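Beneath this line is the structure, given in structure tokens, with notes to follow.
Coordinate-derived values only; no laboratory data. These numbers come from a predicted model, not from an experiment. Reconstructed Cβ throughout: ideal geometry from the backbone, glycine too, with neighbour counts over all protein chains shown.
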Amino acid sequence: MPKTTKDQGRYAARGVSSSKKEVHATVDNLDRGLFPGAFCKITEDYLTGNKKKCNVIHSDGSGTKSNVAYLHYQETGDASVFRGIAQDSIVMNVDDLLCVGVTDGVLLSSTVNRNARRFPGAALAELIQGTEDFLGTLREFGFGIQSGGGETADVGDLVGTVTVDSCATAVMNRDKVITGDKIKPGLAIIGISSAGQCNYESAPNSGIGSNGLTSARHDLLCPYYREKYPETYDATTDKELVYCGPYKLEDELPGADGMTVGEALLSPTRTYAPVVAKLLKEFPDDIRGLVHCSGGGQTKCLRFGKKVHFVKDNLMPLPPIFTAIQKASKSTWKEMYQVYNMGHRLEVFVPKSKVKKVLAAIESFGLDAQQIGHTEKSEKPGGQNHLTLMHGKKALKYAL
């Protein structure tokens with residue numbers, strides 16, 4: 001099997017893709033559902049047959065972040081770290097569903113694929129309990145979600161450590177769907193911070209979320225982990241790209257006020273469910289679109305709306321985790337913005353006249369937020385979407 005090379009870009013050289021071009025080359029030609037421009041695929045209501053309703057089903061997971069938890073567990077014996085991984089998997093589904101307007105009636109099922117020799121019952125128990133506890137927390141804050149059970153598969157031949165995935169299903173009214181069609185020129189873009197500590201969190205968050213962890217952990221963590229835990233990486237990857245960073249998990253992250261590198265990498269993915277529920281209730285006609293900056297980072301918006309030039313010229317300050325990753329990896333800033341959320345993980349598209357009121361509602365949760373840009377008419381000859389992002393005084397340009 002051929003090895004990957006650094007010439008591809010560090011993220012792609014590790015066997016992962018932020019653009020998922022191969023996936024989109026296939027799925028973009030398939031049926032796009034009732035609302036082709038929506039953030040999630042939405043189908044007719046196959047579950048109840050109600051013509052006024054529709055179905056949404058979404059699958060995602062914690063990705064390779066579970067390997068960081070595994071390293072922490074092996075080094076410390078602390079299995080409770082997997083509670084955060086349970087949250088990661090759930091939020092990566094919930095916050096995508098938020099972008100089409102789902103805030104209630106969600107049924108979630110989880111799948112844990114583990115190597116039982118390395119991921120024993122004590123760790124599995126923490127993962128399962130963490131799932132139940134976080135679902136309860138979401139309900140406390142007004143997001144209607146219930147557990148539909150799940151599956152634990154012992155697949156040591158396939159999985160070196162553990163993977164944690166979830167599938168969420170909802171039935172919703174068609175007239176409540178955020179279709180994506182209202183993302184047009186002339187709107188303000190509000191970004192909601194991925195870092196800090198809001199009033200529904202128990203600890204500060206680094207902002208990393210659950211995207212880009214394949215590169216983040218290898219670029220930050222040192223060769224000690226490469227030698228001791230070969231089960232946590234793909235042996236076909238160039239060894240120069242495997243755990244090639246300067247830190248151990250217990251080292252302090254520069255500029256992070258005492259947060260360690262391990263704590264930063266393992267910060268549970270923040271959910272915006274309480275915030276979006278409030279916004280949709282108070283501003284039902286003004287929330288023109290929502291974009292969860294997950295896979296694709298700050299370029300995720302390119303897939304939504306038509307004939308739009310997205311201009312992001314007032315981004316939030318970079319959280320220390322992303323500065324550390326760029327410094328350690330020497331990745332280009334253009335690649336960084338394609339892989340990571342870089343400081344805000346949810347974008348809210350609203351009329352410019354509503355910015356102050358929407359910001360006040362968001363900030364009532366103790367969250368930092370600001371207008372990070374606006375939308376204009378596409379400047380491309382074919383009218384395709386494109387993005388201009390200002391990194392300092394340098395303009396970075398992106399298109400599909």
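Taking 8 Å as the Cα distance limit and 6 or more residues as the minimum spacing, I'd like the relative contact order of the stretch 250-382 as a percentage. Please list the in-between numbers first.
On the way: 145 pairs, mean separation 44.7, N = 133.
Answer for the stretch 250-382 is 34 percent.
Hull volume per residue, based on the alpha-carbon atoms of the stretch 138-281 and their convex hull, is 209 Å³.
Amide H to amide H distances under 5 Å link Thr269 with Asp88, where only residues 5 or more positions off or on other chains count and H is placed in the peptide plane. Counting only DSSP beta bridges with both residues in the chain, tell me the antiparallel percent, nearest 5. Percent antiparallel among DSSP bridges in the chain is about 80.
So for the stretch 251-393, taking the charge dipole from beta-carbon charges (+1 Lys/Arg, -1 Asp/Glu), which of Phe322, Met259, Leu359 sits furthest toward the positive end? Of the options given, the answer is Leu359. Each residue of the stretch 285-300 was assigned a 3J(HN,Hα) from its phi angle through the Karplus expression (A = 6.51, B = -1.76, C = 1.60, θ = phi - 60°), giving 9, 9, 7, 7, x, 9, 10, 8, 7, 9, x, x, x, 6, 9, 4 Hz with x at Gly and Pro. Multiplying each eigenvalue of the alpha-carbon gyration tensor of the stretch 111-221 by 5 and taking the square root yields semi-axes of 31, 21, 17 Å, largest first, rounded to whole angstroms. Where in the stretch 184-199 is the amide nitrogen less than 14 Å from a point lying 7 Å along the Cα-to-Cβ axis of Glu363? Label zone hits: 191-193. Using C-alpha pairs below 8 Å separated by at least 6 residues, the relative contact order for the stretch 320-400 is 16 percent. Projecting the Cα atoms of Asn55, Leu187, Leu97 onto the charge dipole of the chain, computed from C-beta unit charges around the Cα centre, puts Leu187 farthest toward the positive end.
Shape class of the stretch 312-400 from the alpha-carbon gyration tensor: oblate, with a/c at 1.5 or above and b/c at least as large as a/b. Placing +1 on each Lys and Arg Cβ and -1 on each Asp and Glu Cβ, with no other charges, gives the chain a dipole about its Cα centre of roughly 1660 debye.
Name the shape class, rounded, prolate or oblate, that the alpha-carbon gyration tensor gives for the stretch 246-400, where a ≥ b ≥ c are the square roots of its eigenvalues, rounded holds for a/c under 1.5, and otherwise prolate holds if a/b is larger than b/c and oblate otherwise. Oblate is the answer for the stretch 246-400, as a/c is 1.5 or above yet b/c matches or exceeds a/b.
The reciprocal of the average 1/r between distinct C-alpha atoms defines the Kirkwood hydrodynamic radius, which for the stretch 37-193 equals 16.9 Å. Taking every C-alpha pair closer than 8 Å and separated by at least 6 residues, the mean separation divided by the residue count of the chain gives a relative contact order of 21 percent.
Each residue of the stretch 125-133 was assigned a 3J(HN,Hα) from its phi angle through the Karplus expression (A = 6.51, B = -1.76, C = 1.60, θ = phi - 60°), giving 4, 5, 5, 5, 5, x, 5, 4, 5 Hz with x at Gly and Pro. Distant-in-sequence amide contacts of Leu396, defined by a placed amide H-H separation under 5 Å and a gap of 5 or more residues or a different chain, comprise Leu389, Met390, His391.
Once the piece of chain linking Asp157 and Arg32 is laid out straight, how much longer is it, given 0.36 nm per residue of separation minus the C-alpha distance between them? Don't skip to the answer; put the middle values down first.
Values: separation 125, 0.36 × 125 = 45.00 nm, distance 3.51 nm.
Fully extending the segment from Asp157 to Arg32 adds 41.5 nm.
About the Cα centre of the stretch 305-400, what is the dipole size in debye to 20, counting +1 per Lys and Arg Cβ and -1 per Asp and Glu Cβ, all else neutral?
Numbers: 16 positive and 7 negative charges, 54 e Å.
That gives a dipole near 260 debye.
Per-residue ellipticity at 222 nm from helix content only, as computed over the chain with -39500 (n - 2.57) for each DSSP H run of at least four residues, stands at -8000 deg cm²/dmol.
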